[in-house]
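*Asks:* Sharing a structure with you now.
The values are calculated or read from the model by the stated rules, or taken from the named source; none is laboratory data. The structure presented is a predicted model; accordingly, all values stated were derived computationally and were not measured. Reconstructed Cβ throughout: ideal geometry from the backbone, glycine too, with neighbour counts over all protein chains shown. The accessibility values were calculated without ligands, DNA or RNA, using every heavy atom of the protein model including side chains. Shrake-Rupley method; radii C 1.70, N 1.55, O 1.52, S 1.80 Å.
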Amino acid sequence: MLELEELLIRLGTFELRATMALREGRRYAVIGPSGAGKSSLLNAICGFLPVAGGSVRVKGRDITADPPGQRPMTMLFQDNNLFPHLTLRQNVGLGLRPNLRLTAEDEELVAAALARVQLGDHAEKLPAALSGGQQSRAALARVLVQARPWVLLDEPFAALGPALRAEMLDLVENLVAETGAGLLMITHSPEDVRRIAEEAIFVADGRAEAPMSAADLLNDPPPALRVYLG
């Protein structure tokens, strides 16, 4: 269980509050207007953004003060976090060893992760030699190799076309199902929510609401979401 207890995020005059409990193995979409605080919420959960109050707990343990690397989660940003001067094998290997001193076992894990996202033949290529979809797959391979209980995605497929984005969402769904990880994914697209999410968290007006059925939220949206969706 991932619990946010009276969490308060403060950035200048902006404030966001959240209290909720999320179950491992479930897929959650985070949706709301631009500037509502969706990315801030995920950054606070992962430890990239300090909180002004409240706590983050995983399985009852308070991790509010833990640095990102010590939290049982991994986060994928919009730019995919790939280092342009490193090969795919090295980029994925960073998920295991930041110093890239990979053991033989590590190398096997990296190779298996690249094969799982259909990039086994591209291990020694640089990111610039890949298409946008392939770069997204490589970033997912690094998430996969870390095998952490929670995967957080901050719109990593926003720049992809509809068909390719749908393909990536299906891959994400399969990967988290295989590992049993919980998923928190920011999106602006109701179609993406319907495709992958079991529950949705609506963020607006300074609050991240507790999750509810994604279908119910979209079928009968609250006024603020209705305005946002048009």
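*Asks:* Being modelled with pLDDT under 90 and open to solvent by less than 20 Å² (accessible area, probe 1.4 Å) is the filter here; which residues of the stretch 168-184 pass it?
*Replies:* M168, L169, L171, V172, L175, V176
*Asks:* Next question. Go through A158, A111, A115, A147 for me and flag whichever is open to solvent by 30 Å² or more (accessible area, probe 1.4 Å), aliphatic (A, V, I, L, M), within 23 Å of V30 (Cβ to Cβ) and out of contact with any Ser or Thr (no Cβ under 7 Å at 6 or more places or on another chain).
*Replies:* Result: A158 is the single residue among A158, A111, A115, A147 that is open to solvent by 30 Å² or more (accessible area, probe 1.4 Å), aliphatic (A, V, I, L, M), within 23 Å of V30 (Cβ to Cβ) and out of contact with any Ser or Thr (no Cβ under 7 Å at 6 or more places or on another chain).
*Asks:* Something else now. Can you tell me which of N219, N174 is without any contact (Cβ under 8 Å) to a residue 12 or more places away in the chain and more than 29 Å from Q90 (Cα to Cα)?
*Replies:* N219
*Asks:* Just name the residue that is most open to solvent (accessible area, probe 1.4 Å) out of those in the stretch 1-13 that are in contact (Cβ under 8 Å) with a residue 40 or more places away in the chain and touching a Ser or Thr at 6+ places or on another chain (Cβ under 9 Å).
*Replies:* This residue is E6.
Let's see how each residue does on (1) under 19 Å from the mean Cα position of the chain (by Cα); (2) among the basic types (K, R):
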| residue | (1), (2) |
| --- | --- |
| V193 | yes, no |
| R207 | no, yes |
| R226 | no, yes |
| G230 | no, no |
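*Asks:* For the subset of the stretch 90-108 comprising residues that are under 22 Å from E178 (Cα atoms) and more than 21 Å from the chain's Cα centre (by Cα), which member is least open to solvent (accessible area, probe 1.4 Å)?
*Replies:* D106
*Asks:* I would also like to ask the following. Is it the case that some residue within the stretch 212-227 is assigned to a helix (DSSP H, G or I), more than 13 Å from G25 (Cα to Cα), among the β-branched types (V, I, T) and open to solvent by less than 20 Å² (accessible area, probe 1.4 Å)?
*Replies:* no
*Asks:* Return yes or no: is E108 assigned to a helix (DSSP H, G or I) and modelled with pLDDT under 90?
*Replies:* no
Every residue, every condition in (1) open to solvent by 50 Å² or more (accessible area, probe 1.4 Å); (2) out of contact with any strand residue (DSSP E or B) (no Cβ under 8 Å at 6 or more places or on another chain); (3) at pLDDT below 90; (4) closer than 24 Å to V56 by Cβ, yes or no:
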site	(1), (2), (3), (4)
G69	yes, yes, yes, yes
L76	no, no, yes, yes
L82	no, yes, yes, no
K125	yes, yes, no, no
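*Asks:* Would you check which residues across the stretch 185-211 are part of a strand (DSSP E or B), within 21 Å of V151 (Cβ to Cβ) and either open to solvent by 50 Å² or more (accessible area, probe 1.4 Å) or among the β-branched types (V, I, T) (or both) and list them?
*Replies:* Hits for the stretch 185-211 are I186, I201, V203.
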